[in-house]
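Below: one structure, written as structure tokens.
The values are calculated or read from the model by the stated rules, or taken from the named source; none is laboratory data. This structure is a prediction, so every number in the text was calculated from the model and none was measured. FYI the Cβ positions are ideal-geometry reconstructions off the backbone, even for glycines, and counts take in every protein chain you see.
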């Protein structure tokens, strides 16, 4: 039984570290706003008529 508790404790610590790092990313990192341009080929907008 002690090994099960140790295993669960290690999993809980790892989950806490992951959760804490995600919270830190949300709080500390500010995303930069920028324009996004996506080129679409004209063949996709105006497909050639089927014969």
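Of note:
- Check on residue 27, at pLDDT 95 or above and loosely packed, with under 10 Cβ neighbours inside 10 Å: yes
- Any chance residue 32 is free of Cβ contacts under 8 Å to residues at least 12 places away in the same chain and over 22 Å from the mean Cα position of the chain (by Cα): no
- Where a residue in the stretch 6-25 is touching a residue at least 40 places away in the same chain (Cβ under 8 Å) and its partner, wherever it lies, is in a helix (DSSP H, G or I), with Cβ under 6 Å and at least six apart: none
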